[in-house]
1. Collect the residues in region 67-82 that are hydrophobic (A, V, I, L, M, F, W, C), open to solvent by less than 40 Å² (accessible area, probe 1.4 Å) and assigned to a helix (DSSP H, G or I), keeping them in residue-number order.
2. Please verify whether region 233-243 includes one or more residues that are part of a loop (DSSP other than H, G, I, E, B) and exposed (fewer than 14 other Cβ atoms within 10 Å of the Cβ).
3. Could you look through region 263-275, keep only residues that are within 30 Å of LEU138 (Cβ to Cβ) and open to solvent by 60 Å² or more (accessible area, probe 1.4 Å), and pick out the one that is modelled with the highest pLDDT?
4. If you check TYR303, TYR326, which single one turns out to be out of contact with any strand residue (DSSP E or B) (no Cβ under 6 Å at 6 or more places or on another chain), under 22 Å from VAL273 (Cβ atoms), at pLDDT below 90 and open to solvent by 70 Å² or more (accessible area, probe 1.4 Å)?
5. Taking the criterion of being part of a helix (DSSP H, G or I) and of a type outside the set (Asp, Glu), would at least one residue in region 210-227 satisfy it?
6. Scan region 361-378 for residues that are among the hydrophobic types (A, V, I, L, M, F, W, C), open to solvent by 30 Å² or more (accessible area, probe 1.4 Å) and either more than 10 Å from LEU398 (Cβ to Cβ) or at pLDDT 95 or above (or both) and jot them down.
7. For region 86-112, which positions are small (Gly, Ala, Ser), assigned to a helix (DSSP H, G or I) and either touching a strand residue (DSSP E or B) at 6+ places or on another chain (Cβ under 8 Å) or open to solvent by less than 40 Å² (accessible area, probe 1.4 Å) (or both)?
8. Could you tell me whether region 58-65 includes any residue that is under 25 Å from the mean Cα position of the chain (by Cα) and over 30 Å from GLY218 (Cβ atoms)?
Amino acid sequence: MNVVAATRAYVDRVVSDPNNPGMKVLLLDAETTKTVANVYSQTEILERDVFLVERLDQTRSHEPMRHLKAAAFIRPTAANFALLRRELAEPKFGEYHLYFANVAPRAQLRELAESDDLEMVRQVQEFYADFVPINDALFTLNQRQSLRLSTTRPTADLLRRNVDGVLSCLLALKVQPACIRYSASSSVAKAIATEVSRSVKSDGIFHFKQRHSNETGGPLLLNMDRADDCVTPLLSQWTYQAMVHELLGVNNNRVRLKGTQSARGDPNLDEVVLNNTDAFYAKHQHANFGDLGTAVKALLDDYQHQTKMNENISNIEDMQSFLDRYPAFRSKSLNVSKHVALISELSKLVETHALMDISQLEQELACHDDGGTQRREVLARINDARVGGPDKLRLVLLYALRYEQQGHVPEIKLALVRRGVQNPAIDPRDLTPT
């Protein structure tokens, strides 16, 4: 039940397929590019005889490379099938091996086969990784408009993308849910659960050999709606991964530090990668902020110990030993610098924007009922220049959720607007109780 391992295994098979040996080009689409980037480094790709990584929609920009074979790992969408038909009509490469990231529609496959007049396609397979893995037990579909699923009537495309992502995950993990449940108050959760259930029952590809005991009866697939819990997203998070994501921003496992004081102008720290290939990050990504300082100090101490070992070079044998250790030493140096820079930047943001104080008030709003005191505290934070606009807005939203019937929300909303907090994505008028 590890989505990172399952995805990596599929990518391994794409780039190391014995039926497609030798130098090759890896063709991806916008979605599978993110999927591959989250489980494979550029160095690992090159080690698998991949000469070039290219987007399927950009092959027209260069001359033919008929001496290379193409391994195309793409989503089975109508747009991608159209690109494939165009590619096969004027092929840029010597042959094509197609790997779809989800179940490919048979009608589209038939049409593609009929358009392959030059017989360039050597094989077609389905490798189920129609999602972007983040952690072992977490993946995303990178839908920028996903909140529409909870707040407005969702489009068919949004619903279909969620269904496809869930089905692909079930296939990647080789899991057939024994029971599918959904939030009774959510029509969207019901629609997704219904369609997933229909697909699982109607397609034999989902019928795996059961790996559970008779007592458990098989896994449960639970479909929840973000609207079922409006509070948790408004609370500050204090674990390593969550803080980096919320305060610095993580985009496909990459964090941009360029321009920050903590990066110290080091080009190696302009953009850093956080994934489970980093042993320190894998171990401490869910550690709380208080424990991170101790962990980074131990990492730094270990690095300093290795540095002192490398200073004791007195003869040729010592030099040779150092050179043998140098790649690992260099990697260790960059890793230490990365985590020290990240922790340093997080600490500065926590102090500069009074985030400890903000978090304490958030917990009070979420867990305790003291409207008068909390109203004064929220107003004080709104007028505090240290507190950022998003933090002020989150406090007001938390207050509005708890005390929407007590009549003070318009007062707090007005104070928020007077302090210049006007997010175009969230109309302050929406905070007025109904």
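1. Across region 67-82, the qualifying residue is only PHE81.
2. no
3. So, considering only residues that are within 30 Å of LEU138 (Cβ to Cβ) and open to solvent by 60 Å² or more (accessible area, probe 1.4 Å), the one modelled with the highest pLDDT is GLU271.
4. None of the other options fit; the residue is TYR326.
5. Yes, because at least one residue in region 210-227 is part of a helix (DSSP H, G or I) and of a type outside the set (Asp, Glu).
6. CYS367
7. The answer is none; no residue qualifies.
8. Yes, the conditions are met somewhere in region 58-65.
The values are calculated or read from the model by the stated rules, or taken from the named source; none is laboratory data. Keep in mind it's a predicted model, so treat the numbers as computed, not measured. All Cβ positions, even for glycine, are placed from backbone atoms using ideal geometry, and neighbour counts span all protein chains on display. To get the accessible areas, we keep the full protein, side chains included, count just its heavy atoms, and leave off ligands, DNA and RNA. Shrake-Rupley method; radii C 1.70, N 1.55, O 1.52, S 1.80 Å.
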